[in-house]
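The values are calculated or read from the model by the stated rules, or taken from the named source; none is laboratory data. Since we're looking at a predicted model, the values are computed, not measured. Counting neighbours? That spans all protein chains shown, and the Cβs are built from the backbone with ideal geometry, glycine included. To get the accessible areas, we keep the full protein, side chains included, count just its heavy atoms, and leave off ligands, DNA and RNA. Shrake-Rupley method; radii C 1.70, N 1.55, O 1.52, S 1.80 Å.
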Amino acid sequence: MNETIPPKEERMTALNGLGTSRKRVEDARFTQGKGNYVDDIKLQGMLFGDFVRSPYAHARVKSIKTEAALAIPGVHAVITAADLEPLKLHWMPTLAGDVQMVLADGKVLFQGQEVAFVVADNRYAADDGIKAVEVEYEELPVIVDPFKAELDGAPILREDIADKKEGAHGPRRHPNHIFTWESGDRQATEAVISEADVVAEEMVYYHRTHPCPLETCGSVASMDKVNGKLTVWGTFQAPHAVRTVASLISGIAEHNIRIVSPDIGGGFGNKVGVYPGYICSIVASIVTGAPVKWIEDKMDNLMATAFARDYWMQGKISATKEGKITGLWCHTTADHGAFDACADPTKFPAGFMNICTGSYDIPTAFLSVDGIYTNKAPGGVAYRCSFRVTEAAYFIERMIEVLAIKLGMDSAELREKNFIRKDQFPYQSALGWEYDSGDYHTAWDKALKAVNYKELRKEQAERLEAFHKGETRKLIGIGLSHFTEIVGAGPVKNCDILGLGMFDSCEIRIHPTGSAIARLGTISQGQGHATTFAQILASEIGIPAEDITLEEGDTDTAPYGLGTYGSRSTPVAGAATAMAGRKIRAKAQMIAAYLLEVHDNDLEWDVDRFVVKGNPERFKTMKEIAFASYNQAIPNVEPGLEAVSYYDPPNMTYPFGAYICVMEIDVDTGTTEIRQVFALDDCGTRINPMIIEGQVHGGLTEALAIAMGQEIAYDEMGNVTTGTLMDFFVPTAWETPNYQTDYTETPSPHHPIGAKGVGESPNVGGVPAFSNAVHDAFKSFGLTQSHMPHDHWRIWTIANKLGLHEM
Amino acid sequence: MEKIRLNMTVNGKDVEVLTEPRQLLAHVLREELNLTGTHIGCETSHCGACTVDMNDMSVKSCSVFAAQAQGANITTIEGLGTPDGLHLLQEMFKEHHGLQCGYCTPGMITRAYRFLQENGSPTEEDVRFGMSGNLCRCTGYQNIVKAILATAEKMNEMKESA
Ligand code: FES
Ligand code: FES
């Protein structure tokens, strides 16, 4: 005890804990090509399976002939719905309470739908087999426009439930109608709007797109018939949920299923769902007795494996003459495709779309959403956002802009006038959420100053003048966005998926020599969990982050949790990590008290040790305590130092931010040049600033893609016209601008360390910032609304329709 | 399908594999030679995840038939740096947070390795253009660009002091 104690700061630095830009522990592996992604898995005798897919969007399947395929050398089996039926696996439950065909059962409902699964020695032989399967189709009329789905004479898509008047989310008014979901007070809202000084009305469409992670989806299933154990490696953002669902639908006991998510090459919501490929690889492994791998290619992925958005949002917003918002009304037509497979918590068939009052104090609001079946791929995943939050944010940020036009007011000022004030938190929104914390005015002010907003508007006006004089063909657009997210689903009392409560977990074991392993119910897809969760723990338990191993994704070893999506890892599993750390510390305190022969209460925590109050010379470090916990008999204390926490969050967290984009637009070519993107985020307590910044860069780039060109488009026949990377826009380094980032820090009052989650904010806030910039450039020519994505052709068309090409 | 005997030099070692001529180089590297650092993102030559160095040029190995690689000299990510001595690019990618999920990273680094030999003192614009055959869905490129510029700078410093 005579050793000199290093100063507090030095010991804190040594921990590399909360708030430091710790370099990532994952990177050594990844930069050397030593990651272990699902396609890297190779098992003895492994076969490869792939799909025969439907070329039609809607057709009856008259027959499937497999003989020729089976005759091809290297082809082992061709599985069809008829083979799955005796196992009751030809249909599967979706995350949204609907059912979905695993393989075409009598008909196909979207282009690219899985029709038969060919199992062969390798991917080349599988491909030979696919070409030899003969499927006879009879084409049926197609619905691609959700507004035509309920017209007289519309074809009935889902014959399996044509007569069902009750769906998973209440009454259905038509065979192609899925649900109606309402939130808020319709009567009061309609009354307020009808009496208002000013009302702005607009149809805001957020088009269909796709998360398109660089790595597609895939799985390797291995059924060990000797011990009856099924192991599945796959691109699963929620491995534990997959295990439970797999057990429920296959009848294999849950302890006999092991699900492993290896390294995942980006998820962005695409890897939350359960897809036919997973089921077919499992069945094929059972049928053939060999491990079976399924890896889809990019076209399969874009065409068939989920989608995002596709919300038609009809809105009305009312205000006083002075610009105080009085009411918001929204009716959304939600195109869900052929099966309702949206990844939303059960009680929220339209996700958290009812966060659509945004950052504003709107006293009265009403939202209704109608889910509709069409001949498009199922999915409705939260593409880098919490469930439907990006749709909500885009809607309100567009409505603010159209209202500002109506009022003849600067939209920055309109926002400022209507922000929820700092002293109003916790704030009860008209649509039922309790916003935990926020300081919008400060963030907004900082952002406007950072871009020199007043000067920008002046420059824009001058440019406009020059345009009218014929001195330039380029306009300036200033895109504003202030978003509030709702993430960290969620409290088990109102959040579950398929009945599985949305808590999360962390289990920690401290080793005798003072290092540790922590396992979580989540799974990183690039977010750097192994780095950041170790930082949370380091600060909680005083063991350097370097000495803490993080493990996720193996259901045999990790504690049960609902996985990583909707920015829930930090709010939920991060909280579990802190809480488990606190349990470790509580036990460590008892041990230290015994070792130092004092009462528990006489000790205080000091970075990495317990110190006797008023006597800093007397202490026990966490390392010493760890050793004693295993090797010394301590009365009334069990040996060992372990803890587990299952954390059920009391509320969601509400990150927010202020984004501004400045764009130059060439009216003759429709091309755009992004001059500046400023992004201020408030994600509460900041765990690793370097990683936060990286997340913001990535999310902004996905927002840029969505707003400016990325789209899953269909022609009238239901053919996907953007099914390859040739047509589906993914920006390269060349098209991507540099970003300026900043932050404010308003900790969440209910989260153990005050963190709120950040991975998805830039996508939620970025899309309106980019889109508003385009709209803003043409505002003075009378443009109020034009649908995304704003590719060159669409921008050129705006300019053309406004007559700018004649000017 | 009849197989051919394919001879290549991969990461400095002479290798011989028996393969169908239609096999893509990416698959031969990953499946026959277990060099799984070369990733596949699209198989249509758009994403660059499969980039390797072939006869001193960057190629997308998903767009090269095995038969076309006869006699070629190939470097994959596994041939750049060792666990004890990372290549400078690998270090700079880590230092500047130039990767997240890591899926694009081997292709990015392999391309950057060749790019910096094509242009040893690039501007930011040069880097953005020279790397535009490689997609990343996670990072937004800003830190990748930073990592490559930092590598160039360090390499030039080392050259000067040598
Ligand atoms: S896999 Fe080769 S370019 Fe995408
Ligand atoms: S780091 Fe994920 S694709 Fe680049």
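Summary table
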{"read-out": "Formal net charge of residues neighbouring A:L641 (Cβ-Cβ distance under 12 Å; K, R +1; D, E -1)", "value": "+2"}
{"read-out": "Distance histogram for segment B:88-161 (every C-alpha pair counted, 5 angstrom bins, percent rounded to whole numbers)", "value": "3, 18, 32, 28, 13, 4, 1, 0"}
{"read-out": "Per-pair calculated FRET efficiency, R0 = 35 Å: A:A450 and B:S121 via Cβ, rounded to 0.05", "value": "0.60"}
{"read-out": "A:K587 accessible area, 1.4 Å probe, all protein chains in place, Å² to nearest 10", "value": "40"}
{"read-out": "Student exercise, the protein assembly as shown dipole from Lys, Arg, Asp, Glu Cβ charges, in Debye to nearest 20", "value": "600"}
{"read-out": "Nitroxide proxy distance, nm - points 7 Å out along Cα→Cβ at A:A71 and B:R22", "value": "1.7"}
{"read-out": "Pairwise burial A:B, computed as accessible area of each alone minus the pair, summed, 1.4 Å, Å²", "value": "4600"}
{"read-out": "For peptides A:672-683, A:429-440, A:161-172, A:36-47, sequence by mean Cβ density within 10 Å, most packed first", "value": "A:672-683, A:429-440, A:36-47, A:161-172"}
{"read-out": "Kirkwood hydrodynamic radius over Cα pairs of segment A:208-317, then Stokes diffusion coefficient at 25 °C and 0.890 mPa s, in µm²/s", "value": "165"}
{"read-out": "Selection from B:A147, B:S121, B:I109, by position along the positive dipole direction of segment B:88-161 (Cβ)", "value": "B:I109"}
{"read-out": "Semi-axis lengths, Å, segment A:484-572, gyration tensor of Cα atoms, sqrt of 5 times eigenvalues", "value": "25, 14, 11"}
{"read-out": "Cα lying deepest toward the dipole's positive end in chain A, options A:G74, A:I64, A:A516, charges on Cβ", "value": "A:A516"}
{"read-out": "Rounded to the nearest 10 Å², the accessible area of A:T390 at probe 1.4 Å", "value": "0"}
{"read-out": "Distant-in-sequence amide H partners of A:L140 (H built 1.01 Å from N, under 5 Å)", "value": "A:H58, A:A59, A:R60"}
{"read-out": "Residues of the protein assembly as shown: accessible area per residue with a 1.4 Å probe, Å²", "value": "35"}
{"read-out": "Segment A:1-147, Rg to Rh (Cα coordinates; Rh as Kirkwood inverse mean 1/r)", "value": "1.31"}
{"read-out": "Within segment A:313-364, trypsin sites (Lys or Arg not before Pro) in DSSP loop having at most 12 other beta-carbon neighbours inside 10 Å", "value": "A:K321, A:K347"}
{"read-out": "Rg over Rh [alpha-carbon atoms, Kirkwood Rh] for segment A:283-411", "value": "1.16"}
{"read-out": "Overall form of the protein assembly as shown per C-alpha gyration tensor (a/c, 1.5; a/b vs b/c)", "value": "rounded"}
{"read-out": "Nearest-20 debye value, segment A:144-292 charge dipole, Cβ charges on Lys, Arg, Asp, Glu", "value": "1060"}
{"read-out": "Subset of A:K271/B:K94; A:K88/A:K165; A:K271/A:K324; A:K347/A:K417; A:K293/A:K756; A:K623/B:K154 violating a 30 Å alpha-carbon distance limit", "value": "A:K271/A:K324; A:K347/A:K417; A:K293/A:K756; A:K623/B:K154"}
{"read-out": "Value of D in µm² per second that Stokes-Einstein yields for segment B:4-79, Kirkwood Rh from Cα pairs, at 20 °C (1.002 mPa s)", "value": "180"}
{"read-out": "Cα gyration tensor of segment A:353-445 - equivalent ellipsoid semi-axes, whole Å, descending", "value": "27, 17, 13"}
{"read-out": "Most positive-pole-ward Cα, B:M54, A:T180, A:H787, against dipole of the protein assembly as shown from beta carbon charges", "value": "A:T180"}
{"read-out": "Residue of B:T38, B:T139, B:T105 that the Gaussian network model of chain B assigns the largest fluctuation, springs spanning Cα pairs under 10 Å", "value": "B:T139"}
{"read-out": "Value at 222 nm in deg cm²/dmol, rounded to 500, when DSSP H runs of n ≥ 4 in chain A each add -39,500 (n - 2.57)", "value": "-8500 deg cm²/dmol"}
{"read-out": "Calculated FRET efficiency for the pair A:E190/A:T797, C-beta based, R₀ 41 Å, to 0.05", "value": "0.75"}
{"read-out": "Choice from B:V15, B:V145, B:V127 showing the highest fluctuation, given a GNM over chain B with Cα pairs closer than 10 Å", "value": "B:V15"}
{"read-out": "Chain B, relative contact order [Cα under 8 Å, separation at least 6], %", "value": "23"}
{"read-out": "Size of charge dipole - segment B:4-79 - debye, nearest 20, with Cβ of Lys, Arg +1 and Asp, Glu -1, no other charges", "value": "100"}
{"read-out": "For chain B, average projected area of the Cα convex hull in nm²", "value": "9.6"}
{"read-out": "Span-like helix ranges in chain A, DSSP H, alpha carbon extent 15 angstrom or more, Kyte mean at least 0.5", "value": "A:239-250, A:276-288, A:389-407, A:529-541, A:575-596, A:689-708"}
{"read-out": "Alpha carbon centroid spacing (whole Å) that separates segment A:277-294 from segment A:591-659", "value": "47"}
{"read-out": "Calculated from backbone phi, Karplus (6.51, -1.76, 1.60) coupling profile of segment A:339-345 in Hz, x at Gly/Pro", "value": "9, 7, 10, 4, 8, 10, x"}
{"read-out": "Eligible aspartates and glutamates near B:K3 by straight Cα distance, threshold 14 Å, same-chain separation 8 or greater", "value": "B:E16, B:E20, B:E32"}
{"read-out": "For chain B, built as a Gaussian network whose Cα springs stay under 10 Å, the top-fluctuating residue of B:G107, B:G98, B:G81", "value": "B:G81"}
{"read-out": "Unit Cα scatterers, Debye sum, segment A:323-374: log10 I(q)/I(0) for q = 0.20, 0.30 Å⁻¹", "value": "-0.76, -1.20"}
